[in-house]
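Engineer: Structure in structure tokens, see below.
The values are calculated or read from the model by the stated rules, or taken from the named source; none is laboratory data. Keep in mind it's a predicted model, so treat the numbers as computed, not measured. Methodologically, a virtual Cβ is constructed for each residue, glycine included, from the backbone with ideal geometry; neighbour enumeration extends over all protein chains shown.
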Amino acid sequence: MTATIQTISTPDGAFTIVADSRGRVLASGWTNDPEAALDRIHPRLRPDGVREGETDAAAAALAYYGGELSAIDEVAVAQEGTAMQAAGWAALRAIVPGHPLSYAAFATALGQPSAVRAAASICARNAPALFVPCHRVLRSDGSLGGFAWGLDVKRGLLAREAAA
């Protein structure tokens, strides 16, 4: 399968999207380095090749940055993982913008209240960032925790969503 890769400019910096032939986002993140995005794709979903082009997801990302926060909600994604990871990625999509969860609350939402580290791992292994909004999960004390694309990006996303 040949994937399409597109990099757009956002207020948080360059944002690269990798989409499969069906338009599903395989990976995305705040980088202008295609390899950084491609490396996040699960080996079973990794494309044989990539070509530069336009993705439908780019329009949704730009709409999100234009203030239409719900524009990212229906973007199709493809991820590979365990049943708990799949449940976690689905749960991340249900977190309301401006109302982040703690990692502990996220674990509880997955029915695994003692699995806080597993909940954090689900966020860390999330390849289609923004479209599966792992940035909406924080430490219990309200601090940012980690984010694959940098804490400045996470802080900016959360501030944008809190202001809406």
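Engineer: Could you list, in sequence order, the residues of segment 19-32 that are in a strand (DSSP E or B) and more than 12 Å from the chain's Cα centre (by Cα)?
Structural biologist: Just the residues of segment 19-32 that are in a strand (DSSP E or B), to begin with: 19, 25-29.
Once the filter is applied, which keeps residues that are in a strand (DSSP E or B) and more than 12 Å from the chain's Cα centre (by Cα), segment 19-32 yields only Ala19.
Engineer: Under 9 Å between Cβ atoms, which residue pairs at least 6 apart in sequence (or on different chains) link something in segment 40-63 that is surrounded by fewer than 18 Cβ atoms within 10 Å (Cβ to Cβ) with a partner that is part of a helix (DSSP H, G or I) and of a type in the set (Ser, Thr, Tyr)?
Structural biologist: Going by the 9 Å Cβ cut-off, the qualifying pairs are Ala63/Ser70.
Engineer: Taking the condition of being of a type in the set (A, V, I, L, M) and assigned to a loop (DSSP other than H, G, I, E, B), how many residues in segment 92-120 meet it?
Structural biologist: Taking segment 92-120 as the starting set, the residues that turn out to be of a type in the set (A, V, I, L, M) are 92, 94-96, 101, 104-105, 107, 109-110, 115-116, 118-120.
Those left that are additionally assigned to a loop (DSSP other than H, G, I, E, B): 94-96, 110, 115.
The number of residues fulfilling the criteria is 5.
Engineer: Continuing with the same structure: Are any residues in segment 124-164 of a type in the set (A, V, I, L, M, F, W, C), in contact (Cβ under 8 Å) with a residue 60 or more places away in the chain, over 21 Å from Glu35 (Cα atoms) and crowded, with 18+ Cβ neighbours inside 10 Å, and if so, which ones?
Structural biologist: Leu157
Engineer: To continue, here is another question. Would segment 33-50 turn up any residue that is over 15 Å from the mean Cα position of the chain (by Cα), more than 15 Å from Val132 (Cβ to Cβ), β-branched (Val, Ile, Thr) and assigned to a strand (DSSP E or B)? So that I can check it myself, show each step before the final result.
Structural biologist: Step one: filter segment 33-50 for residues over 15 Å from the mean Cα position of the chain (by Cα), giving 33-35, 43-50.
Filter once more, keeping what is more than 15 Å from Val132 (Cβ to Cβ): 33-35, 43-44, 46-50.
Going one step further and asking which of them are β-branched (Val, Ile, Thr), we end up with 50.
From what is left, the residues that are assigned to a strand (DSSP E or B) are 50.
Yes: segment 33-50 contains one or more residues that are over 15 Å from the mean Cα position of the chain (by Cα), more than 15 Å from Val132 (Cβ to Cβ), β-branched (Val, Ile, Thr) and assigned to a strand (DSSP E or B).
Engineer: Continuing with this model, one more query. Working only within segment 3-57, note down all residues that are within 15 Å of Ala78 (Cβ to Cβ), of a type in the set (S, T, N, Q) and either assigned by TED's automatic domain parsing to the domain that holds Cys134 or in contact with a Ser or Thr (Cβ under 6 Å, 6 or more places away or on another chain) (or both).
Structural biologist: Across segment 3-57, the qualifying residues are Thr4, Thr55.
Engineer: I've got another one for you. Say whether the condition of being of a type in the set (S, T, N, Q) and within 13 Å of the chain's Cα centre (by Cα) is met by at least one residue in segment 5-15.
Structural biologist: First pass over segment 5-15, keeping only residues of a type in the set (S, T, N, Q): 6-7, 9-10.
Filter again for within 13 Å of the chain's Cα centre (by Cα), leaving none.
No, that holds for no residue.
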